Structure formats: structure tokens, C-alpha cells
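**Student:** Dumping the structure here so I can ask a few things about it.
The values are calculated or read from the model by the stated rules, or taken from the named source; none is laboratory data. Computed from a prediction, not measured in an experiment: that's the story for all the values here. FYI the Cβ positions are ideal-geometry reconstructions off the backbone, even for glycines, and counts take in every protein chain you see. What goes into the accessible areas is simple: the full protein's heavy atoms, side chains included, and nothing from ligands, DNA or RNA. Shrake-Rupley method; radii C 1.70, N 1.55, O 1.52, S 1.80 Å.
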Amino acid sequence: MNELSNILQPTSQEIKKRHVAKNKKIRLYQKNTSKEFLQKSLKITGNIPVDLDVKDNDSFIFISHEQTHLTHGLHKYPAKFFPELPKWLIQKYSKPGDKIIDPFSGSGTSNIEALLLSRNSIGIDIDPFARFMSKVKTTKLDIGKLKHAEKQIFKSLLKYDENLVNKSDIPDFPYIKHWFQPFILLELAYIKRIIDTLDTTKNIRNFYLLCFSSIVRKISNASNECTRTVIRKNHNKNIKPLDALHGFYNAVAVNILRYEDFHHSMPKNITVEFPINMDARNIKVDEGSFDFAITSPPYINAVDYPRTHQLELYWLGLCSNSLADLKKEHIGTENVYVKDYKKLHLIGVKELDEKLEKVFKQDPRRSYIAYKYFNDMRENLSEVYKALKVGGRYALVVGNNNIRGEAFENWKYLMELAKEAGFSIETFFSSKIIRHFMRFNATDKIKIDWIIVLKK
């Protein structure tokens, strides 16, 4: 396996050089950006000043530099929070030692930032892959044991031979041979067995399982560019033997560096939990348990997370059969029954009901999907209201939708539902988000969200 040895070792060294150079560049850029300039222009690069003056209907441009910073970058995840926003809101509306909840925690961005800011937190998500990822990203590991396990992995990778792989090592899930070439299946099965048999702690094995998961889509036949897991014939991928082994070691090398940076930033005695028995519509905690709540709820017609991560779910053993049941549990899902949308359903918010009625005339199914989304969010607002202490805030980052030609201003409708739940509206403003490395004038890539801050 000299070929693999020659590929892996230089890659690891090059990754370390790029990682150090990148972090230096980002720190210098942020240091030279004055707070006065940012406030005057309403364009904010990197960290958002905690005392930034915000008035109703203000508009900001946030340019993120931390999408892959620390453990945020361990694994790709669609429609992520950019870390600077929850960091700012957590600092603005809570204090060290407070307890925070994110009822749609996704990839755990809010929980990572809460941890780094010495706030205890709970993240709720219906998706088992999201919970697994978030748990890995926020778990403290022994650096010595982590690196010892890395050496074990490297030695095992060098011994790879397809004859060492048993058929029983390859998971059985729908259309597996459609998604992966035969030699890639053998390589992935070998890597998975290496991790499962590591002589180390479960948490460290889970770290390497997340590294493993991060390459599954890349070396599959599925398109890297599409959110959903699909094969596009016009995007032929040139997957070669050893690509899985090479890609995995790449991921390990860079993710250990990210984790080390995170480890050195972690405060002591702060807890992060991702309970498996809760839902954003059913938060099983005592009333008044939390000081602050923050989230970015899914959109109507939300990202189909189970389908997006189906290959990862299967390889990690988090699912083995149809994804249908898991899809139906998600807020914003398009998996609905015909019997449910035969008649028009209304929410009780005048402008929203007018939209639902117009859509119903064209597409009853779409109208019901939108109705169900807002009904689910009504339940969430009620649950979070009960979970917060008096005076606590709930910050939501909300996107709008266009359904059958009708513009749904979701932030307006959610504010009405929030008042129904008992909240008062503290403030609301919009943000145009430009992620790091995007050109500033690439307006087609700017995403507009609304931030609503509610108070109990």
C-alpha cells in the first residue's frame, strides 16, 4: 500500500498548513474592522457587536467568516445558521450560566455557541442524524486518546485489501448498488469496521464516525451540488479506487485540527443535551426552565432532511428501511395524506388565511402543507412560551416562501401566532446573509431572513 501511504501523509501536512494560514487571515480581517464603520454602513463582517443598536424594520448585511470554524465545519448540513448570529443573540439576551434551548437545533450551531459562551443548553431535533452530529460537535474529548486513535486508523488504512472485507460488513439498505460503485462499497465497509473496532471510548468512535459520514456523499454516485440525494447524469463524478480511504483520512486530518481549536476554547462545567424523547411541539420540561430560546425553524416545503442525509443515515445504522415515517414527523414536511387536504384548512390569521385560500384554489395539497406548517409552529410557540422564565426571550430566524405565485411573509404570520401564545414583540429586523468567500456583489446568492425577538 505504498500508493496510499504516499497519498495520505503529504495531504495531512498540507491540510495543517492551510488551516493555520486560514485562521490567521480571518483573525486579522476581523481585528481591522471597526465597530463604528460596521454600524454606519449596516454591513457587518464577522462578529456582530453585542451593543449593536437595532430598531424595528432595520436591515443589516451579515458577512459570515465562521461557517466551518471550530466544530461547525465537521460535517456539511443544509440551511445552517451562520454562527455569528446565534453568538450575538445569545450574548445580547442571556448571561453566563443561563440555560438556553433551541427547539429546532439541526446541526447544533446554537448549542456550540452557547457552550463557548458558558451557557448550558438543550437542543431538540426530530432527526436522529441531526442529534448524532450535534452531540459529536459539542462533546469534550481527550486529545491524547483522540490522536492515539488516529494512529490506529492510519495503520489500518495502510493494510487495506478488499479481500479483508466480508459481505456482512456492507449494510443492507435500499438501492445501495445504485448509489455506490462496488469498490467504494468495500472501502467504506472497511473504514466503518476500523472505527467500530477502535480500542477507545464511544465518544471518540463517534467523532470518527462523523468524519466517515462527512465523505459518504462525496464518494457516492450522488450529485454533490444538489441538496437532495440524487444522481444527475450531466454531472458525472470521477470516483476512483482508494478515493474513500483518501477522503476519509483527509476528513480526519482537518477535523482533528478543528476539534483541537474547539477543545481549547471550551469552558468547564457547562452542559449540552440532545434528548431523544422531545419534539419542538412537545417540549417535556418544567415550566419556566429556560432563560432564552433561539432557533431557525424550517421553511414551508422544508429541506427534506431524511432524503438529504439518507446515505449517511444508512451507513451509520440510524435507519435501515423506508424514510417515509421519519419524513412525516418533520415540521414543513411535504409528506401528507390526500384525506387531509380535500378541504380548506385555515389558521385564524387574516392575511395568512387569504393566502391559504388562494393557494387552495390552485393546489389543495400545497395549501394544506402550508397550513400544517403554521399549525405546528403555533404548537411550538406555545411550548416555548411555557418553557421560558418570565422575562425570557425567544429569537427566531425566519425565511419567507413563495407558493404557487403567492408570497408568504412568514415572519408576520408567526408574530401574530406568537401574540396568541402570550408573547409580546420586542423587535424584528431583516438580515441579508452573505457567507464567507462569497463575492459581495453576488446578489443572487444573498439570502434574506427576518429575526423576530419575542418576550414572555
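**Student:** Which of the numbered conditions does ILE143 fail, given that it passes all the others? Conditions: (1) of a type in the set (A, V, I, L, M, F, W, C); (2) touching a Ser or Thr at 6+ places or on another chain (Cβ under 9 Å); (3) at pLDDT 95 or above.
**Tutor:** (2)
**Student:** Run TYR314 past the list (1) more than 19 Å from SER367 (Cβ to Cβ); (2) modelled with pLDDT of 70 or more; (3) open to solvent by 40 Å² or more (accessible area, probe 1.4 Å) and report the number of the one that doesn't hold.
**Tutor:** Just one mismatch for TYR314, condition (3).
**Student:** Quick one: what pairs do we get from region 177-200, first residue closer than 16 Å to ALA244 by Cα, second open to solvent by 10 Å² or more (accessible area, probe 1.4 Å) and among the charged types (D, E, K, R), C-beta under 6 Å, 6+ apart or different chains?
**Tutor:** Close Cβ pairs satisfying both conditions: LEU186/GLU162; ALA189/ASP169; ARG193/ASP169; ILE195/ARG205.
**Student:** Shifting gears a bit: With LYS95, LYS140 as the choices, which residue is part of a loop (DSSP other than H, G, I, E, B), of a type outside the set (A, V, I, L, M) and touching a helix residue (DSSP H, G or I) at 6+ places or on another chain (Cβ under 9 Å)?
**Tutor:** Within the list LYS95, LYS140, the selection yields LYS140.
**Student:** Can you report the number of residues in region 138-165 which are closer than 15 Å to ARG193 by Cβ and loosely packed, with under 11 Cβ neighbours inside 10 Å?
**Tutor:** 3
**Student:** Please verify whether region 27-44 includes one or more residues that are closer than 30 Å to TYR249 by Cα, at pLDDT below 95, of a type in the set (Ser, Thr, Tyr) and part of a helix (DSSP H, G or I).
**Tutor:** Taking every residue of region 27-44 in turn, none turns out to be closer than 30 Å to TYR249 by Cα, at pLDDT below 95, of a type in the set (Ser, Thr, Tyr) and part of a helix (DSSP H, G or I).
**Student:** I'd like to know if region 434-442 contains one or more residues that are at pLDDT 95 or above, of a type in the set (A, V, I, L, M) and over 21 Å from the mean Cα position of the chain (by Cα).
**Tutor:** Scanning region 434-442, I find no residue that is at pLDDT 95 or above, of a type in the set (A, V, I, L, M) and over 21 Å from the mean Cα position of the chain (by Cα), so the answer is no.
**Student:** Please count how many residues of region 102-135 are open to solvent by 10 Å² or more (accessible area, probe 1.4 Å), part of a helix (DSSP H, G or I) and among the hydrophobic types (A, V, I, L, M, F, W, C).
**Tutor:** The qualifying residues number 2.
**Student:** I would also like to ask the following. VAL50 passes all but one of (1) over 21 Å from ASN120 (Cα atoms); (2) surrounded by fewer than 18 Cβ atoms within 10 Å (Cβ to Cβ); (3) aliphatic (A, V, I, L, M); which number fails?
**Tutor:** VAL50 satisfies every listed condition except (1).
**Student:** Evaluate the following for TYR299: is it closer than 26 Å to LEU85 by Cβ, of a type outside the set (A, V, I, L, M, F, W, C) and assigned to a loop (DSSP other than H, G, I, E, B)?
**Tutor:** For TYR299, the condition - closer than 26 Å to LEU85 by Cβ, of a type outside the set (A, V, I, L, M, F, W, C) and assigned to a loop (DSSP other than H, G, I, E, B) - is met.
**Student:** Considering region 122-148 alone, what residues qualify as being over 16 Å from the mean Cα position of the chain (by Cα) and over 16 Å from ARG258 (Cβ atoms)?
**Tutor:** ASP142, GLY144, LYS145, HIS148 - these are the residues of region 122-148 that are over 16 Å from the mean Cα position of the chain (by Cα) and over 16 Å from ARG258 (Cβ atoms).
**Student:** Considering only residues that are open to solvent by 10 Å² or more (accessible area, probe 1.4 Å) and out of contact with any Phe, Trp or Tyr (no Cβ under 6 Å at 6 or more places or on another chain), which ones fall in region 76-97?
**Tutor:** LYS76, TYR77, PRO78, ALA79, LYS80, PHE81, LYS87, GLN91, LYS92, LYS95, PRO96, GLY97
**Student:** Another question about this same structure. With the requirement that a residue be in a helix (DSSP H, G or I) and open to solvent by 10 Å² or more (accessible area, probe 1.4 Å), what does region 257-270 give you?
**Tutor:** LEU257, ARG258, GLU260, ASP261, HIS263, HIS264, SER265
**Student:** Follow-up. Would you please name the residue that is farthest from the chain's Cα centre (by Cα), looking only at residues in region 57-102 that are aliphatic (A, V, I, L, M), within 18 Å of LYS43 (Cα to Cα) and modelled with pLDDT of 90 or more?
**Tutor:** That would be LEU89.
**Student:** Residues in region 195-209: is at least one in contact with a Ser or Thr (Cβ under 6 Å, 6 or more places away or on another chain) and open to solvent by less than 50 Å² (accessible area, probe 1.4 Å)?
**Tutor:** No, because not a single residue in region 195-209 is in contact with a Ser or Thr (Cβ under 6 Å, 6 or more places away or on another chain) and open to solvent by less than 50 Å² (accessible area, probe 1.4 Å).
**Student:** Using beta carbons and a limit of 7 Å, which pairs, at least six apart or on different chains, have the first residue in region 251-265 and in contact (Cβ under 8 Å) with a residue 24 or more places away in the chain and under 15 Å from ILE112 (Cβ atoms) and the second one among the polar types (S, T, N, Q) and buried (at least 22 other Cβ atoms within 10 Å of the Cβ)?
**Tutor:** ARG258/THR71; TYR259/THR71; PHE262/THR71
**Student:** So in region 50-76, with the set limited to residues that are touching a helix residue (DSSP H, G or I) at 6+ places or on another chain (Cβ under 9 Å) and among the polar types (S, T, N, Q), which one is farthest from VAL397 (Cα to Cα)?
**Tutor:** Out of the qualifying residues, it is THR71.
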